[in-house]
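Participant: This is the structure I want to talk about, given as structure tokens.
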Amino acid sequence: MIPNLNIVPFVSVDHMMKLVLTIGVERFLIELAGYIEDDFRRWELFDKTPRVASHSAEDVIELMPTSDGEVYGFKYVNGHPKNMREGRQTVTAFDMLADVHNGYPVLLSEMTILTALRTAAMSALAAKHLAPAGSRCMALIGNGAQAEFQALAFKALLGVDRLRLYDIDRSATEKCIRNLAGLGFDMVACTTAQEVVEGAEIITTVTADKQYATILTDNMVGAGVHINAVGGDCPGKTELHRDILLRSDIFVEYPPQTRIEGEIQQLAPDHQVTELWQVITGAVKGRRDAGQVTLFDSVGFAIEDFSALRYVRDQLISTGLCQELDMLADPDEPRDLFGMLLRAAQ
Ligand SMILES: NC(=O)c1ccc[n+]([C@@H]2O[C@H](COP(=O)([O-])OP(=O)(O)OC[C@H]3O[C@@H](n4cnc5c(N)ncnc54)[C@H](O)[C@@H]3O)[C@@H](O)[C@H]2O)c1
């Protein structure tokens, strides 16, 4: 007999925070990157589709599905840059995993915190393959909700311990420096984008604005730098000047989605890009030489969320950090759904 078919484990924001703190942020990021790496190695067996986006003038709501043939997952996520001014998150999300063989959900989870963790883990994983060996100094442009996660992932996976920070809103940089104090970084607050990139081996752009922005211009990017471009992830929402793209080797998650949403929406549809999974499997070389400018044109792909939830699900066995959600109707006799409703009145 299968017990409690009505119950789906649910990871609330409170449980997610407890889980991350129990495991430790840096260990969580390293282990999560390991799950993403494993799934990128079996990339070909996944169901893949560009995410389904519903655009409004300045904002977007997206659904991101995938399946490995055994487990199906999808994420609901928004992108509302103006939210911050009203006390809301720019990005918020929830996610679900289901059993492909019976269609029953097996996990429901908050995904706002987990998205920040998975995005940072993905960025650092890409940089592990693309950034100059021994990189220690990163420029972090955009010091909002994602920023500290990015910093810690680069520290945990690459050993980055020098941060140069810049945001158009000085209070965001101050918040970031406050939150990261005592966590092993030497930090410098900068007042311009020009200043922040000085001496950085890695440049992370993680700003939010739904427009063709130019956070970086070509003259700001020296030879050999790795760019981790995170904030350009929607049609009409980019961060880099086109000239940077033209002299970079560009690495992407899933080209059909990135060509719509990434920095490369500024380029011809057949511009050469490399799929990151091929670098991770070793089929294609990442960084070839010290002078090459590498660019990870990150938009966030469904498989990364799938990996993150797979990781969280595996941690629930030992931690029990979830609650039971009465989510699925489970009549005694499968066809007697209405009878179950009638009996509930008694
Ligand atoms: N690629 C991915 O997988 C992925 C995942 C999550 C979020 N994102 C994107 O990352 C971006 C940041 O997300 P967030 O949750 O941190 O947003 P946020 O609103 O919390 O922070 C964004 C910060 O960027 C700053 N900013 C805006 N324009 C700037 C400019 N021209 N120069 C310097 N700073 C500037 C803002 O002042 C703000 O502090 C968003 O665009 C979001 O859509 C991408």
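The values are calculated or read from the model by the stated rules, or taken from the named source; none is laboratory data. Source: prediction; values computed, not measured. A quick note on method: Cβ atoms are made from the backbone with ideal geometry, for glycine too, and the neighbour counts reach across all protein chains shown. Surface areas here come from the heavy atoms of the whole protein model, side chains and all, with no ligands, DNA or RNA. Shrake-Rupley method; radii C 1.70, N 1.55, O 1.52, S 1.80 Å.
Participant: At 7 Å along Cα-to-Cβ for each site, give me the label-to-label distance between THR112 and ARG343 in nm.
Facilitator: 3.9
Participant: Report, in whole Å, the centroid distance computed from the Cα atoms of segment 249-295 and segment 97-126.
Facilitator: Result: 23 Å between the Cα centres.
Participant: How far, in nm, would the chain grow between SER12 and LEU183 when pulled straight, counting 0.36 nm per residue and subtracting the alpha carbon separation? All intermediate terms of the calculation are to be shown ahead of the outcome.
Facilitator: Numbers: separation 171, 0.36 × 171 = 61.56 nm, distance 2.63 nm.
Net length gain for the segment: 58.9 nm.
Participant: Regarding segment 153-293, what whole-number volume in Å³ per residue does the convex hull of its Cα atoms give?
Facilitator: Values: hull volume 16.6 nm³, N = 141.
So the per-residue Cα hull volume is 118 Å³.
Participant: Each residue of segment 115-121 in order: what ³J(HN,Hα) in whole Hz does its phi give by Karplus 6.51 cos²θ - 1.76 cosθ + 1.60, θ = phi - 60°, with x for Gly and Pro?
Facilitator: With the stated coefficients, segment 115-121 comes to 5, 4, 5, 6, 5, 5, 4 Hz.
Participant: Now, a different point. If you take every residue apart from GLY69 with its C-beta less than 11 Å away from the C-beta of GLY69, what net charge results, scoring Lys and Arg +1 and Asp and Glu -1? Please report the intermediate quantities before stating the final value.
Facilitator: Working: positive: ARG42; negative: ASP47, ASP68, GLU70.
Net local charge, GLY69 excluded: -2.
Participant: Need one word for segment 1-105: rounded, prolate or oblate. Basis is the Cα gyration tensor (sqrt eigenvalues a ≥ b ≥ c); a/c below 1.5 gives rounded, then a/b vs b/c decides. Could the numbers behind the result be given before it?
Facilitator: Working: a/c = 1.44, a/b = 1.26, b/c = 1.14.
Here segment 1-105 falls in the rounded category.
Participant: Taking the solvent-accessible surface of protein heavy atoms with a 1.4 Å probe, what is the per residue accessible area of the chain in Å²?
Facilitator: Details: 15330 Å² over 346 residues.
About 44 Å² of surface per residue is accessible.
Participant: Same structure again: Could you calculate, for the chain, the ratio of the Cα radius of gyration to the Kirkwood radius, expressed as Rg to Rh?
Facilitator: Numbers: Rg = 21.0 Å, Rh = 21.0 Å.
Reported Rg/Rh (Cα atoms, Kirkwood Rh): 1.00.
Participant: Follow-up question, since we're still on this one. Among the lysines, select those whose C-alpha is under 24 Å from the C-alpha of LYS237, and discard any that sit fewer than 8 residues away in the same chain.
Facilitator: LYS48, LYS75, LYS82, LYS210
Participant: What angle do you read, to the nearest 10 degrees and between 0 and 90, between the alpha-carbon axis of helix 25-41 and the longest principal axis of the chain?
Facilitator: So the helix axis and the longest Cα principal axis differ by about 80 degrees.
Participant: Assuming a ≥ b ≥ c are the square roots of the Cα gyration tensor eigenvalues, decide whether segment 49-164 counts as rounded (a/c under 1.5), prolate (otherwise, with a/b larger than b/c) or oblate. Kindly include the intermediate steps, with their values, before the conclusion.
Facilitator: On the way: a/c = 2.42, a/b = 1.37, b/c = 1.77.
Oblate, because a/c is 1.5 or more while a/b does not exceed b/c.
Participant: Can you tell me how segment 162-218 classifies by the Cα gyration tensor, rounded, prolate or oblate, using a/c under 1.5 as the rounded cut? Numbers along the way, then the final one.
Facilitator: Working: a/c = 2.16, a/b = 1.42, b/c = 1.52.
Cα axes put segment 162-218 in the oblate bin.
Participant: Per DSSP H run of n ≥ 4, the term is -39500 (n - 2.57); total these for the chain, divide by its residue number, and report the mean residue ellipticity at 222 nm rounded to 500 deg cm²/dmol. Present the calculation step by step, with values, prior to reporting the outcome.
Facilitator: Details: 11 runs with 118 residues, N = 346.
So the calculated ellipticity at 222 nm is -10000 deg cm²/dmol.
Participant: Whenever you get a sec, compute what percent of the accessible area on segment 210-262 sits on carbon and sulfur atoms (1.4 Å probe). Write down the numbers at each step before the final one.
Facilitator: Details: 870 of 1730 Å².
With neighbouring chains kept in place, the figure for segment 210-262 is 50 percent.
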